[in-house]
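> Sending over a structure as structure tokens; questions will come in a sec.
Where a number appears in this text, it was derived from the coordinates with a stated rule and is not lab data. Quick caveat: nothing in here was measured; it's all calculated off a predicted structure. Cβ coordinates were reconstructed from backbone atoms using ideal geometry, including for glycine residues, and neighbour counts include every protein chain displayed.
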Amino acid sequence: MLVAISEDAVAGLAAKFAVMRKVADERAWRVYLGSEALALGRGGIKAVALAAGVSETTVAAGIAEIESGGLDELPPGRSRRQGGGRKKAEDTQSGLKRELRGLVEEATRGDPMAEITWCSRSLRDLERQMAALGFRCGKDAIARMLREDGYSLQAMAKVLEGRQHPDRDAQFRHINEQIAAFAAAGGPVVSVDAKKKEQLGPYHRDGRSWRPKGSPVRVRDHDFPDAQLGKITPYGVYDIAANRGFVSVGTSHDTAAFAVSALRLWWQREGSCRYRGARRLLVVCDAGGSNGYRCRLWKDQLAVLAAQTGLEITVCHFPPGTSKWNKIEHRLFCHITRTWRARPLMTAADAVAGIAATTTYQGLKCTAVLDEGDYPDGAKVSDERMKHLEERVIARHGEHGEWNYAIGPAPAGGTGTAGRPAARP
């Protein structure tokens, strides 16, 4: 029969515990509760658990640790024995973290100028979707795994994309399905885009770098363009499966011919070696710019590239105004910006060297080349050439064929062609 412990005694314990809980770590708290329960004798475990607001198991564990004489067994800084405590959800459920990353990846976008990514799905949405896949994983565990992968809660930012296209989400799903299908077949999938133009010369760049005290890098106080120094346009090709970046640094205009030249260089130097025997290539890109879905020269030059390489090139464009969802923005360009931080780009060679030195803890590596070819603005593709391409080369998908199409390796000839491919650097 347990000895009754008065309510006043329990209240006194609760007052002491309220003070001690603020200064004791997990182990000290557990042992302290055990010592109080031992001092009370029979019925002490229940009274201490009630006063401290913990389970009787915790108090009993403290008593067991005292009676075993193992207070000095744990190394400094540890509150439990190695392997103690509840296992993490990802340790007990095989494939959980992989599936979570897949769900998050589909809803991730990022800023090309900063190492920041967003996920448009809430923790509770992810919890429900994980449950539908057969995994038991609470929102707190999901939040912990997201933090481990570099995500964090963000305040409001000016990232609104304007009016949304009604088929925006459907196109996102189509792109993800195409990426998954190509990846499952072992085929190459690349995300492409042009980074913003950079002025060469002693111009200010954000960030700080370690230097001897009192000797900052001296740059101009105004960023007025200098025609003699010129600008560069980096065009990137990001291999999603291999986590490898390839950047062609151009000194001419940002045209579709320059964009396809970068893709050609990537295939010649890396793609054809990494994906030997591949007959298909998936290119994911924005809806505008040099690789826009309305750009005739983009399709014309892709047809030339397909004929040269024998590849069937499938192209999927993100809907207008959704460039931050393109993987190259937050997997490659933001890291290049970090490498260039606080370093003026005096020459195009400096820019190439900085890109080539870009790496991340996630294993990203980059290759950079200088393309000094001439890519004049205003190149036109005739109606006859486009008719030839539409009839013999381009196969548009059933849904939103303007955004999704395949360019076959048919002969690139035809009337009204825009001309031979741009000169190689």
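> Pull up all non-local amide H partners of Arg280: gap of 5 or more, or a different chain, and H-to-H distance under 5 Å with H placed in the peptide plane.
The answer is Glu312.
> Hey, which of these cross-link pairs are over 31 Å Cα-Cα: Lys46/Lys97; Lys22/Lys213; Lys139/Lys196; Lys231/Lys299?
Exceeds cut-off: Lys46/Lys97; Lys22/Lys213; Lys139/Lys196.
> Each label point is 7 Å from the Cα along the Cα-to-Cβ direction; what then is the distance between the points at Glu67 and Arg42, in nm?
1.5
> Turning to a different aspect of this structure: For region 370-384, take each phi angle, set θ = phi - 60°, evaluate the Karplus expression 6.51 cos²θ - 1.76 cosθ + 1.60, and give the result in whole Hz per residue in order, putting x for glycine and proline.
Values, residue by residue: 9, 10, 9, x, 9, 10, x, 6, x, 5, 10, 10, 6, 4, 5 Hz.
> Right, another one. With no solvent and one equal point scatterer placed on each C-alpha of region 7-67, evaluate the Debye formula and give log10 I(q)/I(0) for q = 0.18, 0.21, 0.22, 0.24 Å⁻¹, two decimals.
-0.51, -0.70, -0.78, -0.93
> Just to check I understand the Karplus step: with θ = phi - 60° and J = 6.51 cos²θ - 1.76 cosθ + 1.60, what whole-Hz values come out for region 26-43, glycine and proline as x?
Going residue by residue, I get 4, 5, 4, 5, 5, 5, 4, 4, x, 5, 5, 5, 5, 5, 6, x, 4, x Hz, with x marking Gly and Pro.
> Now, a different point. How many percent of the alpha carbon pairs in region 270-349 exceed a separation of 18 Å?
Beyond 18 Å sits 58 percent of the P(r) for region 270-349.
> If R0 is 60 Å, what FRET efficiency do you get for Asp169 and His222 from their C-beta distance, rounded to 0.05?
The calculated FRET efficiency here is 0.85.
> Once you have the Cα-Cα distance between Ala28 and Ala410, take 0.36 nm times their residue separation minus that, and quote the gain in nm to one decimal.
Using 0.36 nm per residue and subtracting the Cα-Cα distance, I get 130.0 nm.
> For Gly250, which sequence-distant residues (separation of 5 or more, or a different chain) have an amide H within less than 5 Å of its own amide H, given hydrogens modelled in the peptide plane?
HN-HN under 5 Å from Gly250: Thr233, Tyr235, Asp371.
> Length gain on complete extension for the stretch Gln268 to Ala131, per 0.36 nm per residue less the alpha carbon to alpha carbon distance?
Fully extending the segment from Gln268 to Ala131 adds 44.9 nm.
> On the Cα set of region 175-234, report Rg and Dmax in Å, please.
When restricted to Cα atoms, region 175-234 yields Rg and Dmax of 20.3, 57 Å.
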